[in-house]
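A.B. asks: Take a look at the following structure, please.
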């Protein structure tokens with residue numbers, strides 16, 4: 001048990017470290033993932049404007065039986081501190097049927113720091129609207145057992161939500 005926890009903790013720590021290391025570089029130059037066939041982050045360009053993309057995404061999350069637990073208007077928060085950035089909203093989305101499988105068992109609760117799932121919708125300086133998220137299905141491949149299964153299932157469901165969002169926006 002302890003060894004599995006330790007291995008999973010190391011995998012999560014490494015992924016978080018890679019993600020945090022990549023973020024500042026991504027803001028300055030195009031990032032090059034270690035394996036270009038399996039990106040750490042996934043992004044889709046919306047054919048609609050920022051407010052419409054947010055609204056349709058929220059609707060599709062609800063239609064899929066998921067919940068939006070929180071929203072972080074990063075541009076708004078930064079503007080109160082004297083900074084100006086293009087719109088960025090980070091949404092925390094959750095599926096109770098998946099979350100309970102992990103949170104109900106002490107041996108899986110260590111992944112609570114990765115919950116809920118986060119999806120960012122942002123607008124670039126050129127006006128392009130992007131839906132961004134971690135590649136949860138790829139990340140699940142670094143884990144094993146029920147934790148990997150839940151992450152894979154939830155990742156696939158969220159990808160379906162995003163694809164339905166994009167289809168409605170066309």
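The values are calculated or read from the model by the stated rules, or taken from the named source; none is laboratory data. Given the structure is predicted, the values throughout are model-derived calculations rather than measurements. Heads up, the Cβs are rebuilt from the backbone with ideal geometry, glycines too, and the neighbour counts pull from every protein chain shown.
A.B. asks: When you check residue 157 against the structure, is it out of contact with any strand residue (DSSP E or B) (no Cβ under 8 Å at 6 or more places or on another chain) and buried (at least 17 other Cβ atoms within 10 Å of the Cβ), yes or no?
C.D. replies: Spelling it out, residue 157 is indeed out of contact with any strand residue (DSSP E or B) (no Cβ under 8 Å at 6 or more places or on another chain) and buried (at least 17 other Cβ atoms within 10 Å of the Cβ).
A.B. asks: Looking at 111, 61, 130, which one is in contact (Cβ under 8 Å) with a residue 40 or more places away in the chain and within 21 Å of residue 148 (Cα to Cα)?
C.D. replies: Matching residue, one of 111, 61, 130: 111.
A.B. asks: Against the definition (at pLDDT 95 or above and either more than 25 Å from residue 46 (Cα to Cα) or more than 15 Å from the chain's Cα centre (by Cα) (or both)), how does residue 148 come out, yes or no?
C.D. replies: yes
A.B. asks: Right, next: Among the helices (runs of 4 or more DSSP H) contained in segment 62-151, which hold 1 or more residues that are surrounded by fewer than 17 Cβ atoms within 10 Å (Cβ to Cβ)?
C.D. replies: In segment 62-151, the matching helices (runs of 4 or more DSSP H) lie at 74-79, 96-103.
A.B. asks: May I pose another question? Residue 77 passes all but one of (1) out of contact with any helix residue (DSSP H, G or I) (no Cβ under 7 Å at 6 or more places or on another chain); (2) at pLDDT below 95; which number fails?
C.D. replies: (2)
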